[in-house]
Amino acid sequence: MNKIIPQFFTMVVPLGESGLRFFEQIFGVTSLFFQALYELRKIWFYRRQVVEQCYSVGVGSIGLILVVSAFTGMVTAVQAAYQMEPYYPKYTVGALILQSVVLELGPVLTALVLAGRVGAGTAAEIGTMKVSEQVDALESLALNPVGYLAMPRLIAGFVMIPALTIISDTVAVIAGYTVAINTIDMTALEFVKGMRMYFHLHDVIVGMMKAFCFGGMITLIGTYMGLTAKNGAKGVGTATTLSVVTSAVLILILDYVVAQVFL
Amino acid sequence: MITFDHVYKRFNGNVVFNDLVFDVPDGITTVLLGPSGTGKSVFLKMIIGLISPDYGYVWIDDRNIVNLKTKYLYRIREQFGFVFQLSALFDSMSIYENIALPLKMHTQFNEESIYSKVNECLSLVDLEDAGHLYPEELSGGMKKRAAIARALVRDPKYILYDEPTTGLDPRTAAKIENLIIKVQQERKVTSVVVTHDLTSARRVGQYVALLTGGRIAIEGSPEELDESANQELRRFLNEIPQNESLL
Ligand SMILES: Nc1ncnc2c1ncn2[C@@H]1O[C@H](COP(=O)(O)OP(=O)(O)O)[C@@H](O)[C@H]1O
Ligand SMILES: [Mg+2]
């Protein structure tokens, strides 16, 4: 008996601890989110950082997004043609490309790619600052890390990632169109007819809503993981990995939730 | 004046301060000595409110900063310059931008006055030509000097140094010590230096205190400490291999 109880605890306590850490993280991310919102009142004070972050997230990611979305559009066209051709009129290819890109592929693939580029970059940069006392240095200079680091990145995520998604949608549809009319025996007119028949503003709104949620979440999680990094270089590595994995999983979960609620 | 008023602090059961009482005298350089892991960094971080005590007060110019609202705390921090152990320069910015940052964020100075102010600080620390370099391009000693320049740029009343000579070769360390003395004399700041380096303490300290076991074991002028037979001081001195075994 005397031995069983400690053994029981050594087995159960780690489980409890990781559960506790999970809730601690949810609480931490949520509270960082609200603190960052509160710092919005100082947006003029931190305007340089906001512009810098928007530039780095937006302009910095364009090349990557162009490549990813062009190929997404192209493969969608090929696959749509393959799936639809025997059973449906050709113009449905246009409809299928438009809807799947606007609703799903544009926002989700942009977000997943940016979880890698922006989320990991944010976590690594802020994590390095944290473990090398640069975050403390900000505090010592009477600069609030939430205002200086988190808020501008949150804005960049909320604004620039939807903007990139619009670009991605456009490029993917154009790429899909090009492939469709060149490799499948299909006219431009048919493609456009399909797109027009199945265009719903509602889809665009739902797609952009997804992009907006993903965008804020990617930079928020990256910032949170960075700010809570500890134990030197290894800790920064962990923070970076955690940021990408958490964002990727949450993107897919959120994607489902938004789809279920609004479609 | 900085005052620690019966301060208690522990991290997960690890007691760091146990009824710490200490007054930092104004206008001179105070050295807080102590072995590694005794809470010297915590001491400095507590002064600017980065770490809060569990119990007790920290007074800055007759104002208790424990649980002070962020807005007021930040205003108090503007009177402080903090030189971190690893310098903590922002590595995405050049040295010039590092030093200019506090001015850009907190003052209405135009580019020209920022430029002249930053250059004044750069020349004080002998880095006139390094403004365009990035932290990774500097040696340890240069980084430390740049960090001192950044801490000084807003003419603080207090300047806090966390182990300013640790990890530097003796010549570079001596240079930093001279700089600490020069800053103290030219700017009339109140300096607090925490270190485990006796030679350094002896060179820069006008007032010296020994932190062990969560409180100040002994404090006084270097001469007073030289003559003291305080047991903990003797133990600390004996633990550290040193040519000159006295303060
Ligand atoms: N943020 C923190 N969380 C937990 N423990 C801490 C923290 N900061 C310091 N400590 C602990 O407090 C003790 C004193 O640390 P520190 O002030 O860094 O010592 P030093 O005198 O070497 O500067 C150490 O045991 C350290 O592990
Ligand atoms: Mg320390």
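Scan segment B:55-81 for residues that are under 20 Å from B:L32 (Cα atoms), of a type in the set (A, V, I, L, M, F, W, C) and within 13 Å of chain A (Cβ to nearest Cβ) and jot them down.
B:F80
Could you list, in sequence order, the residues of segment B:155-164 that are in contact with a Leu (Cβ under 7 Å, 6 or more places away or on another chain) and either farther than 19 Å from B:V193 by Cα or open to solvent by 10 Å² or more (accessible area, probe 1.4 Å) (or both)?
Result: no residue meets the conditions.
In segment A:123-134, what residues are more than 8 Å from every other protein chain (Cβ to nearest Cβ) and open to solvent by less than 10 Å² (accessible area, probe 1.4 Å)? Even if it seems obvious, please write down each step before you answer.
Residues of segment A:123-134 that are more than 8 Å from every other protein chain (Cβ to nearest Cβ), as a first pass: A:123-124, A:126-127, A:130-131.
Result: A:A123, A:I126, A:G127.
Kindly list the number of the only condition in (1) at pLDDT below 95; (2) within 12 Å of chain A (Cβ to nearest Cβ) that fails for B:I47.
(1)
Scan B:G167, B:G214 and give me the residue that is touching an Asp or Glu at 6+ places or on another chain (Cβ under 8 Å) and surrounded by fewer than 20 Cβ atoms within 10 Å (Cβ to Cβ).
Numbers: B:G167 fails: touching an Asp or Glu at 6+ places or on another chain (Cβ under 8 Å).
After ruling out the rest, the residue left standing is B:G214.
So which residues in segment B:179-199 are within 16 Å of ligand 2 (Cβ to nearest atom) and without any contact (Cβ under 8 Å) to a residue 60 or more places away in the chain?
The one that is within 16 Å of ligand 2 (Cβ to nearest atom) and without any contact (Cβ under 8 Å) to a residue 60 or more places away in the chain: B:D197.
Is it fair to say B:S52 is open to solvent by 40 Å² or more (accessible area, probe 1.4 Å) and within 14 Å of another protein chain (Cβ to nearest Cβ)?
On the way: open to solvent by 40 Å² or more (accessible area, probe 1.4 Å): yes; within 14 Å of another protein chain (Cβ to nearest Cβ): yes.
Answer is yes for this residue.
Tell me the strands (runs of 3 or more DSSP E) entirely within segment B:1-110 that contain at least 1 residues that are away from ligand 2 (no atom under 16 Å from the Cβ) and either among the aromatic types (F, W, Y) or within 30 Å of B:L133 (Cα to Cα) (or both). Break it down stepwise before answering.
Numbers: elements: B:2-11, B:14-24, B:29-33, B:55-60, B:80-83.
Correct list: B:2-11, B:14-24, B:55-60, B:80-83.
If I go through segment B:105-118 residue by residue, how many of them are free of Cβ contacts under 8 Å to residues at least 40 places away in the same chain and either under 23 Å from A:S132 (Cα atoms) or open to solvent by less than 60 Å² (accessible area, probe 1.4 Å) (or both)? Outline the logic, then answer.
Quick first cut of segment B:105-118, residues free of Cβ contacts under 8 Å to residues at least 40 places away in the same chain only: B:105, B:108-118.
Of the ones still in play, those that are also either under 23 Å from A:S132 (Cα atoms) or open to solvent by less than 60 Å² (accessible area, probe 1.4 Å) (or both) are B:105, B:113-114, B:117-118.
Residues meeting the conditions: 5.
Does segment B:119-140 include one or more residues that are free of Cβ contacts under 8 Å to residues at least 24 places away in the same chain, open to solvent by less than 40 Å² (accessible area, probe 1.4 Å) and either facing another protein chain (nearest Cβ under 10 Å) or away from ligand 2 (no atom under 16 Å from the Cβ) (or both)?
For segment B:119-140, residues free of Cβ contacts under 8 Å to residues at least 24 places away in the same chain, open to solvent by less than 40 Å² (accessible area, probe 1.4 Å) and either facing another protein chain (nearest Cβ under 10 Å) or away from ligand 2 (no atom under 16 Å from the Cβ) (or both): absent.
Working only within segment A:164-181, note down all residues that are open to solvent by less than 20 Å² (accessible area, probe 1.4 Å) and without any contact (Cβ under 8 Å) to a residue 60 or more places away in the chain.
A:T165
Assess whether B:E163 counts as being within 14 Å of chain A (Cβ to nearest Cβ) and free of Cβ contacts under 8 Å to residues at least 12 places away in the same chain. Reasoning before the result, please.
Numbers: within 14 Å of chain A (Cβ to nearest Cβ): yes; free of Cβ contacts under 8 Å to residues at least 12 places away in the same chain: no.
Taking the combined requirement at face value, the residue does not satisfy it.
I'd like the residue in segment B:82-96 that is touching a helix residue (DSSP H, G or I) at 6+ places or on another chain (Cβ under 8 Å) and more than 8 Å from chain A (Cβ to nearest Cβ) and, out of all such residues, is most open to solvent (accessible area, probe 1.4 Å).
B:Y96
Is it fair to say A:G60 is part of a helix (DSSP H, G or I), at pLDDT 80 or above and among the small types (G, A, S)? Lay out the reasoning, then the answer.
Details: part of a helix (DSSP H, G or I): yes; at pLDDT 80 or above: yes; among the small types (G, A, S): yes.
When the stated conditions are applied, A:G60 passes them.
The values are calculated or read from the model by the stated rules, or taken from the named source; none is laboratory data. These numbers were taken from a predicted model, which means no experiment stands behind them. Quick reminder, even Gly has a Cβ in these numbers, built from the backbone with ideal geometry, and neighbours come from all protein chains shown. What goes into the accessible areas is simple: the full protein's heavy atoms, side chains included, and nothing from ligands, DNA or RNA. Shrake-Rupley method; radii C 1.70, N 1.55, O 1.52, S 1.80 Å.
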